[in-house]
Amino acid sequence: MSDSLSLPWASDFHCHLRQGDMMDTVVPMVEQGGVQTVLAMPNLTPPLTTTQMAVDYGTALQKLAPNVHFILTLYLSPDLTPEEVAKAAAAGITAVKVYPSGVTTNSDWGVLDFKVYYPTFQAMQDHNMVLCLHGECPSDAKKGICILNAEERFLATLRELHQEFPRLRIVLEHATTKAAVDCVKSLGDTVACTITAHHLFITIDDWAGQPHHFCKPVAKYPSDRDALQDV
């Protein structure tokens, strides 16, 4: 019996590589961890809101890890006009990341009103780009929204976006709930979700009072974990 196990190269489709000293430390470790393709998140400070910013970031990443394929993304903001979408597509940028304002790290520049960006989404659909969604609503006590139901409350927005732009490829990132899985499965081939590994194992009991297990979007109930495992 062999005493070794060989795995193929993995792809990480949600990777935060940051910038500065953190970037210099983290990026060389990507290949060491068995990953050769990375979707690089754009929520830097300032965020990657233009094609040139993303291209420059990609150049910096490539110098640190020349054997890794970095898929670049843009941060949805007012700078991302339909014209900029066309420019980004021509430069080989295939995805745009949406952060509702205030829901996660460096999301202060995020979206408050999705309808404002409908012309941008139309351009993305026309150029066959991918819309990557951080699918949570900001916590709001008056609206009854907190970290436990923020994802489920966002699903109405996902349905509306798909209805308005049925050919737009949409990825609901790091799904954590049965409701999210059921919603994505109901919307057809142009909508998908990603699942992060720890959400397949832990539940709310594992992070409540244990800060090392706390990461947004938080793990939810055992029934949600079971639904993620099923798909």
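The values are calculated or read from the model by the stated rules, or taken from the named source; none is laboratory data. Keep in mind that what you see is a predicted model, and the values were worked out from it rather than measured. Neighbour counts run over all protein chains shown; Cβ positions are idealised from the backbone, glycine included. Keep in mind that these areas ignore ligands, DNA and RNA; they rest on the heavy atoms of the full protein, side chains included. Shrake-Rupley method; radii C 1.70, N 1.55, O 1.52, S 1.80 Å.
Brief remarks follow.
- Of all residues in segment 180-203, at least one satisfies being closer than 30 Å to A91 by Cα and among the charged types (D, E, K, R).
- Summed over segment 1-26, residues that are without any contact (Cβ under 8 Å) to a residue 40 or more places away in the chain, part of a helix (DSSP H, G or I) and surrounded by 14 or more Cβ atoms within 10 Å (Cβ to Cβ) total 1.
- Filtered residue count, segment 81-112, keeping only those that are surrounded by fewer than 21 Cβ atoms within 10 Å (Cβ to Cβ), modelled with pLDDT of 95 or more and assigned to a loop (DSSP other than H, G, I, E, B): 4
- Here the condition is being among the small types (G, A, S) and either open to solvent by 30 Å² or more (accessible area, probe 1.4 Å) or assigned to a helix (DSSP H, G or I) (or both); of A219, A179, it holds for A179 alone.
- Evaluation of H199 against (1) within 22 Å of L131 (Cβ to Cβ); (2) open to solvent by 30 Å² or more (accessible area, probe 1.4 Å) (one fails), failing number: (2)
- The lone criterion from (1) within 16 Å of the chain's Cα centre (by Cα); (2) open to solvent by less than 40 Å² (accessible area, probe 1.4 Å); (3) of a type outside the set (S, T, N, Q) left unmet by G188 is number (1).
- Filtered by the rule that a residue be open to solvent by 40 Å² or more (accessible area, probe 1.4 Å), modelled with pLDDT of 95 or more and within 24 Å of H174 (Cα to Cα), segment 33-57 gives a lone residue, Q36.
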